[in-house]
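Visitor: I have a structure I would like to understand better, so I am pasting it below and will then ask my questions one at a time.
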Amino acid sequence: MDIAGSTALVTGANRGIGRCFVDELLARGAERVYAAVRSPETITASDPRVSPLYLDLLDEKSITDAAAVAQDVTLLVNNAGIATGANLLTDDLDDVRRDLETHLFGTLRVIRAFAPVLAAHGGGAIVNLLSVLSWAATPQGSGSYSVAKAAEWNMTNGVRVELAGQKTLVQGVHLGAADTDMMADTDAPKIDPLDVARASLDGVQSNTLEVLVDDPSRFVKAALAGDPAQLYGPAPAE
Ligand SMILES: NC(=O)c1ccc[n+]([C@@H]2O[C@H](COP(=O)([O-])OP(=O)(O)OC[C@H]3O[C@@H](n4cnc5c(N)ncnc54)[C@H](OP(=O)(O)O)[C@@H]3O)[C@@H](O)[C@H]2O)c1
């Protein structure tokens, strides 16, 4: 798929990886980019190709309204997300539900609303921002997020097979840590969020189903084929 001449919609386009997607889409010649956000007034881009649009993943009507307006979309970037930081055993289950509502059900709602739009334009492409934590769990503060990202990963596979008939490319993008607000409190090596957008869009242009942006995502994916002890250490001693 060519980015030049495409019409894209990016959720969570006002900051972090989403804003980098907008910049990179414009740099590659997209004809129009809908910046789909909870606060359209925060979209102050001077480029006339950027159209702010209200969209909240937790507000179904905002999603169907956005799809009714953005009938020309050929590339959907499902980027918006949260990290409640909830542990699975000790934190409020409502936080676990909020992670799932956002990453799984919110993203799925957007795909359901835009699948017919993409079909009307010959198929197009969907990009889902996943994570190394779609495939692994860490001890503190990411249990709930990991569950939501794992669910979003296999939802990505599910919609891929359901949309194959309409020739929509469904791409999953995995990364460890990028330097955004979401990772502000994390003391780990972080990649430039623009590199995430670039790797993903290179993959859209070359019709690639899965993009592994960094070494952590490549390492964890490879480790899945082996003994889980490689990721989680040995089983407890008897
Ligand atoms: N950064 C990383 O290291 C990393 C690693 C792996 C995967 N990811 C994934 O990459 C994506 C982007 O992450 P990021 O680091 O750029 O995050 P970020 O800097 O925290 O930005 C999150 C974006 O999502 C939007 N958002 C949150 N909840 C929303 C909702 N209910 N409806 C609509 N928009 C909502 C936010 O809007 P507001 O400004 O209105 O809050 C913001 O634009 C996420 O899906 C994340 O899980 C990130």
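The values are calculated or read from the model by the stated rules, or taken from the named source; none is laboratory data. A quick note: this is a predicted structure, and the numbers were derived from the prediction, not measured. Backbone-built Cβ (ideal geometry, glycine too); neighbour counts: all protein chains shown. The area values use the complete protein model at the heavy-atom level, side chains included, leaving out ligands, DNA and RNA. Shrake-Rupley method; radii C 1.70, N 1.55, O 1.52, S 1.80 Å.
Visitor: How would you classify the range 85-207 from its alpha-carbon gyration tensor, with a ≥ b ≥ c the square roots of the eigenvalues: rounded for a/c under 1.5, else prolate if a/b is greater than b/c, otherwise oblate?
Guide: oblate
Visitor: Could you give the angle, 0 to 90 degrees to the nearest 10, between helix 193-205's Cα long axis and the longest principal axis of the Cα atoms of the chain?
Guide: Orientation of helix 193-205: about 60 degrees from the principal axis.
Visitor: Let me ask something additional. Above 21 angstrom, tally the Cα pairs of the chain and express them as a % of all pairs, no decimals.
Guide: 55
Visitor: Using modelled backbone amide H atoms (1.01 Å from N, in-plane), which distant-in-sequence or interchain residues come within less than 5 Å of Val127's amide H?
Guide: Distant-sequence amide H within range of Val127: Leu76, Val77, Asn78, Gln171.
Visitor: Select from Gly122, Ala4, Ala36 the residue farthest towards the positive end of the dipole of the chain; place +1 on Cβ of Lys and Arg, -1 on Cβ of Asp and Glu, and compute about the Cα centre.
Guide: Gly122
Visitor: Here's a follow-up. Just to check I understand the Karplus step: with θ = phi - 60° and J = 6.51 cos²θ - 1.76 cosθ + 1.60, what whole-Hz values come out for the range 83-97, glycine and proline as x?
Guide: 9, 5, x, 6, 7, 6, 9, 10, 9, 5, 4, 4, 5, 4, 5
Visitor: Whenever you get a sec, compute what percent of the accessible area on the range 81-134 sits on carbon and sulfur atoms (1.4 Å probe).
Guide: 55
Visitor: Applying a 10 Å radius around every beta-carbon, put 38-44, 174-180 in order of their mean neighbour count, most first.
Guide: Result, highest mean first: 174-180, 38-44.
Visitor: To continue, here is another question. For helix 143-163, what angle does its Cα long axis make with the longest principal axis of the chain, in degrees from 0 to 90 and rounded to 10?
Guide: That helix lies at roughly 50 degrees to the long axis.
Visitor: Here's another thing I want to ask about it. Just tell me which lysines come within less than 20 Å, Cα to Cα, of Lys149; anything on the same chain fewer than 8 places away is out.
Guide: Lys190, Lys221
Visitor: Label points 7 Å out from Cα along the Cβ direction at Asp59 and Asn157: separation in nm?
Guide: 3.5
Visitor: Along each principal axis of its Cα atoms, how long is the range 168-237 end to end? Whole angstroms, biggest number first, please.
Guide: Result for the range 168-237: principal-axis Cα extents of 49, 31, 17 Å.
Visitor: Could I ask something else about it? Given a 1.4 angstrom probe, what's the average accessible area per residue across the chain, in square angstrom?
Guide: 48
Visitor: A further question follows. Taking the convex hull of the Cα atoms, report for the range 36-93 its projected area averaged over all directions, in nm².
Guide: Computing the convex hull of the Cα atoms and averaging its projections yields 5.7 nm².
Visitor: Can I ask one more? Quick check on the chain: helices-only [θ] at 222 nm, where DSSP H runs of length 4 and up contribute -39,500 (n - 2.57) each and the sum goes over total residues. Nearest 500, please.
Guide: Helix contribution divided over all residues of the chain: -11500 deg cm²/dmol.
Visitor: Carbon and sulfur atoms: what percent of the 1.4 Å accessible area of the range 178-238 do they account for?
Guide: 53
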